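**Q** Below is the structure I would like to discuss, written out as structure tokens.
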Amino acid sequence: MQIQDSVSTRQTFFEGTPSIGDFFSLDLWLPPQESTTAHQIDGIFAFILIMSTILTLIVTAAMVYFIYKYRRRSNADRAVDVKESKLLELSWVVIPTLLVLVVFFWGFTAYVSTSIPPPGSYTINVTGQKWLWTFEYPNGHQTSKEIVVPVGTPIRLEMTSTDVLHSFYVPEFRIKHDVVPNRYSYVWFEAKEQGTYQVVCTEYCGTQHSNMGALIKVVSYDEFSEWMRNPPDVDGPRNVLGAQLYEQKACNSCHSIDGSPGVGPSWLGIWGTNHGGVTVDSAYVHQSIVEPGAFIVPGFQNQMPSYQGQLTDDQIDYIIAYIKDINGAADPEDLAIPGEEGAEADGAGE
Ligand code: CUA
């Protein structure tokens, strides 16, 4: 089952013409609160913002007043004895201390409740890599660039990176957490409403950092179970499956198919070319996917992460079929549906 794409992303931070009052409401400045913990983050944020504003105004007003009062030409009495005021001194010790304690306990409470998922949360594994988010469900079902989750259910994300630092950020859910290689980090959220929400990477991770996004599709529980039973079809000829993987696995963020060079060489025109005695053929492409440093096309740098373990041998074959297809070099087998005619040779299709 294909989840509808028609749900618009909730990125409209504010709709309509803002009135004066709106400028004092966080609704104008922040995206809508779409998770069960978002109000806690906004509450402590608003408190700190308002307190800082008030204190800044008080200090600035006092400063301006004294600058004026003791300006050089004024007749203010400068020789008067200054007596200490116990009340004044206590106030500027006690009030800020109380404020800081309030910020600490309030912030700590919010931190604990946003860090510790409720019991019975649904866990999804998240992998960040240049420049793609992939997701794996408990039943082994994998998706790239989007996840489908049920509304009103706590979702725990167990996250790691295969290469450099990334950061998983969903503005409407007010969750943001670094995703670090060789380490697991966790966030959780419970979406309040159905809709589609944008995930962005907020840790600069290289050329395509700004395109490293994903979508969280929040659907009803029935729709979710239906989708889990019948994940989107992956049927089709090998070259078409390869074309899907080209998008899903974000090959397209570095390799064009129109001949223009990107972070990596374009796939158009590469098939059969010869670099220093090595010909770009199936073995070359296969090795370049699992061990990107094996061959480097002149003029490019060794930037690609390894896809070892991320793509099955069959999937690599589909990508090879796709590359051959766009270069006009496809054999009948490359255009056949896996498991059907011409595909028995390597036992493809499970
Ligand atoms: Cu990943 Cu920025």
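**Q** Given a 1.4 Å probe and every protein chain left where it sits, what share in percent of the accessible area of segment 212-326 is carbon and sulfur?
**A** Reported share for carbon and sulfur atoms: 51 percent.
**Q** Also, quick follow-up: How much FRET efficiency would the formula 1/(1 + (r/R0)^6) give for Leu55 and Ser210, where r is the Cβ-Cβ distance and R0 is 30 Å, rounded to 0.05?
**A** Once the sixth-power term is evaluated, E becomes 0.25.
**Q** With a sphere of radius 9 Å drawn around the Cβ of His209, what net charge do the other residues whose Cβ falls strictly inside it have (Lys, Arg +1; Asp, Glu -1)?
**A** 0
**Q** Please give the net charge around Arg78, taking every other residue with its beta carbon less than 15 angstrom from that of Arg78, where Lys and Arg add +1 and Asp and Glu add -1.
**A** Net of charged neighbours comes to +2.
**Q** Roughly what would the spin-label model give for Arg229 and Glu291, points 7 Å off Cα along C-beta, in nm?
**A** Computed distance between label sites Arg229 and Glu291 equals 4.6 nm.
**Q** Give me the accessible area per residue for segment 47-131, probe 1.4 Å, as a whole number in Å².
**A** 81
**Q** Still on this structure, please answer the following. Segment 293-338 to segment 34-112: how many Å between their Cα centroids?
**A** Segment 293-338 and segment 34-112 have Cα centres spaced 62 Å from each other.
**Q** To the nearest Å, what is the center-to-center distance of segment 129-156 and segment 194-267, using C-alpha atoms only?
**A** Each part's Cα centre sits 12 Å from the other's.
**Q** Further question: Based solely on its DSSP helices, what 222 nm [θ] is calculated for the chain when runs of n ≥ 4 H residues each add -39,500 (n - 2.57) and the sum is averaged over all residues, nearest 500 deg cm²/dmol?
**A** About -10500 deg cm²/dmol.
**Q** Just subtract the alpha-carbon distance of Asn182 and Glu84 from 0.36 nm times their residue separation and send over the number in nm, one decimal.
**A** Extending this stretch completely gives an extra 29.5 nm.
**Q** Return the Cα extents of the chain along principal axes one, two and three, sorted largest first, each rounded to a whole Å.
**A** In descending order, the Cα extents are 101, 51, 42 Å.
**Q** All other residues with a Cβ under 14 Å from the Cβ of Gln129 taken together, and with Lys, Arg as +1 and Asp, Glu as -1, what is their net charge?
**A** 0
**Q** Rounding to the nearest 20 debye, state how big the charge dipole of the chain is about its Cα centre with +1 on each Lys and Arg Cβ and -1 on each Asp and Glu Cβ.
**A** For the chain, the charge dipole is close to 2900 debye.
**Q** So how far apart, in nm, are the two label points at Trp29 and Ile116 if each is 7 Å from Cα heading toward Cβ?
**A** 3.1
**Q** Highest mean first, what order results for 72-84, 158-170, 271-283, 202-214 on Cβ atoms within 10 Å?
**A** Top of the packing list down: 158-170, 202-214, 271-283, 72-84.
**Q** Output the Kirkwood hydrodynamic radius of segment 259-306, Cα pairs only, in Å rounded to one decimal.
**A** Every distinct Cα pair counted, the radius reaches 11.0 Å.
**Q** Starting from the 7 Å offset along Cα-to-Cβ, what nm value, one decimal, do you get for the label separation of Trp92 and Glu193?
**A** That separation, rounded to one decimal, is 4.7 nm.
**Q** Within the chain, what is the number of lysine pairs with alpha carbons under 30 Å apart, leaving out pairs fewer than eight places apart on the same chain?
**A** 19
**Q** At 0.36 nm per residue, minus the direct Cα-Cα distance, what do Ser220 and Leu268 gain on full extension? Give it in nm, one decimal, please.
**A** In short, 13.1 nm is gained.
The values are calculated or read from the model by the stated rules, or taken from the named source; none is laboratory data. Because the structure is predicted, anything quoted here is derived from the model rather than measured. Please note: Cβ atoms are built from the backbone with ideal geometry, for glycine as well, and neighbour counts cover all protein chains shown. Side chains included, ligands, DNA and RNA excluded: accessible areas come from the protein's heavy atoms. Shrake-Rupley method; radii C 1.70, N 1.55, O 1.52, S 1.80 Å.
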